[in-house]
């Protein structure tokens, strides 16, 4: 069905889609950085150009789905659907699946060189740990799922087919929640604070004083491989991509231990260098 409602010289159309197909469409459109309406338009155009209808799609449980298409495309689509003797819902489902098949999920863009990000401030209680954890989690989130992200309204409007919020609400609140795919990067969080706030926040245990630690490796007195100290943050959103190097209270003694180390200003860089090939980003709190 179609209605006279328009958006940017497009015609609003209403049909039905199964929830799983709608979700796949949202994710894939976000991954390619295009509006859902553009993806549907491309899918319908490609489907109408086929010599015959492709395989049947399971549309059980389909519910309302609306978007905006160029004027006349929906009526042309309905005619092709009738000629192929399939339902309107089935034709739309096949069109969207065709677009998904011809626009696979893009590969994760990994940096050529591991990025090092240090979150530091001598003042306590300013949010260093929250920024480190939040940024690390955002970078490692599943690229094949949507996650709520607070972004500027101007960007949100560009990402969506239309903005239905009143203008006065947009003016009073410059931020809003938008569902976007994760980046899927391999991230190492390093808790460099002897108070162990990041370690505790992520549910890990601080390293024991009598064992190995990052401090030992920086002081040139390692007791093993630094990789053995790294723990995985187990969460379905990260799928093994988010790791933590826990803190140890011995970091309170770091200044004393580094006093006898040559080029001590590069001690942290040297200690973490063996881990860099395993990660896209290393974040130090």
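The values are calculated or read from the model by the stated rules, or taken from the named source; none is laboratory data. In this text the structure is predicted, and so the values were computed from the model without any measurement. Here the Cβ positions follow ideal geometry from the backbone for every residue, glycine too, while neighbour counts run over all protein chains shown.
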| said: Can you confirm whether residue 126 is in the same structural domain as residue 188 (by TED's automatic domain parsing), in a loop (DSSP other than H, G, I, E, B) and within 26 Å of the chain's Cα centre (by Cα)? | reply: yes
| query | Any idea how many residues of the stretch 147-199 are farther than 18 Å from residue 119 by Cβ, modelled with pLDDT of 85 or more and not in a loop (DSSP other than H, G, I, E, B)? | reply | 1
| note | When restricted to 182, 240, the only residue farther than 30 Å from residue 125 by Cβ and touching a strand residue (DSSP E or B) at 6+ places or on another chain (Cβ under 7 Å) is 240
| message | If I ask for residues that are part of a loop (DSSP other than H, G, I, E, B) and buried (at least 17 other Cβ atoms within 10 Å of the Cβ), which ones from the stretch 207-238 would you list? | response | 212, 213, 219, 230, 233, 238
| Hits in the stretch 54-71 - residues which are surrounded by fewer than 17 Cβ atoms within 10 Å (Cβ to Cβ) and more than 11 Å from residue 13 (Cβ to Cβ) | 54, 55, 56, 58, 59, 60, 61, 63, 64
| Number of the condition not met by residue 262 [criteria: (1) without any contact (Cβ under 8 Å) to a residue 60 or more places away in the chain; (2) outside any loop (DSSP other than H, G, I, E, B)] | (2)
